[in-house]
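The values are calculated or read from the model by the stated rules, or taken from the named source; none is laboratory data. Quantities reported herein were computed from a predicted structural model and do not represent experimental measurements. When we count neighbours, we look across all protein chains shown, and the Cβ atoms used for this are built from the backbone with ideal geometry, even at glycine.
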Amino acid sequence: MGRTQPTKDEEFIFWALNLTARCTERQEEWGLNPASVQKLNELMRTAEEAYRNNLSPETRNHISVTFKKDGIAALRSFLSAFIPTLRSNEAIDESGLAALALPSRQRHNRQPLPPPAEEPQMQVTAIPGYGVRVSVRRPQHGHATASRTRKAYHGFVVRYRKEGSEEWHSEYSTRLHANLAFSDEDSGKRLALMAAWINPRLQHGPWSSEITVLIN
């Protein structure tokens with residue numbers, strides 16, 4: 001996505017003021033979390049006040065400098081987590097992102113496509129020697145920007161947990177199946193499994209419903 005927040009304090013304050021005002025104005029339209037918008041406004045007021053106090057020679061001193069640095073740092077930190085939620089919010093279209101002075105969602109060839117927004121359809125079969133094969137069907141719907149020469153998915157990840165254990169394990173595959181191996185001491189235990197599509201950055205889509213099988 002590249003750099004989003006301006007590096008210079010003056011540019012950052014005016015950029016953040018615009019973003020805060022528009023998020024507050026269109027909070028209901030965009031379905032933004034009221035608590036997050038309230039927190040944004042509080043941090044914005046603190047950072048702006050500290051910034052303006054530090055501009056005047058009459059009020060600027062080592063304390064005002066510290067307040068300015070701390071106020072801006074807190075606002076930057078909050079925005080680092082808040083901005084991804086804005087860019088992933090489907091209620092905010094490209095014109096809305098432009099109004100917020102945020103990068104477009106349009107992707108180029110170097111950026112991986114997101115994983116398909118659907119659950120994999122799993123089929124589980126036993127393999128002789130205490131093994132389990134998890135097979136999935138190719139996703140029916142890829143990403144809207146996928147071309148004929150680009151995959152809309154990279155593979156899938158299966159999570160599994162043996163009966164009696166609280167720990168989940170993961171197995172990644174770039175094919176349409178994954179083999180899980182177990183020992184003879186696992187024979188007769190139930191195995192819980194779920195799967196999700198992944199992209200080249202191993203970001204996953206929705207998890208499938210959990211199913212259980214018996215390790216033979």
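Annotations for the structure displayed:
- Which listed residue is at pLDDT 90 or above and at negative phi, from 112, 120: 120
- A Cβ distance below 9 Å, combined with a sequence gap of six or more or placement on separate chains, defines the contacts here; from the range 35-54, residues that are in the same structural domain as residue 21 (by TED's automatic domain parsing) reach residues that are β-branched (Val, Ile, Thr) and not in a helix (DSSP H, G or I) in the pairs 52/59; 53/59.
- Qualifying residues in the range 161-185 (those that are outside any loop (DSSP other than H, G, I, E, B) and of a type in the set (Lys, Arg)) - the one surrounded by the fewest Cβ atoms within 10 Å (Cβ to Cβ): 162
- Evaluation of residue 66 against (1) surrounded by 13 or more Cβ atoms within 10 Å (Cβ to Cβ); (2) part of a helix (DSSP H, G or I) (one fails), failing number: (1)
Listed here are the residues, each with its yes/no results for (1) at pLDDT 90 or above; (2) closer than 16 Å to residue 15 by Cα.
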{"residue": "66", "(1), (2)": "yes, no"}
{"residue": "74", "(1), (2)": "yes, yes"}
{"residue": "78", "(1), (2)": "yes, yes"}
{"residue": "128", "(1), (2)": "no, no"}
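- Considering residues of the range 37-63 that are more than 16 Å from residue 9 (Cα to Cα) and among the hydrophobic types (A, V, I, L, M, F, W, C) only, the residue surrounded by the most Cβ atoms within 10 Å (Cβ to Cβ): 40
- For the range 186-216, a tally of residues being assigned to a strand (DSSP E or B) and among the basic types (Lys, Arg) returns 1.
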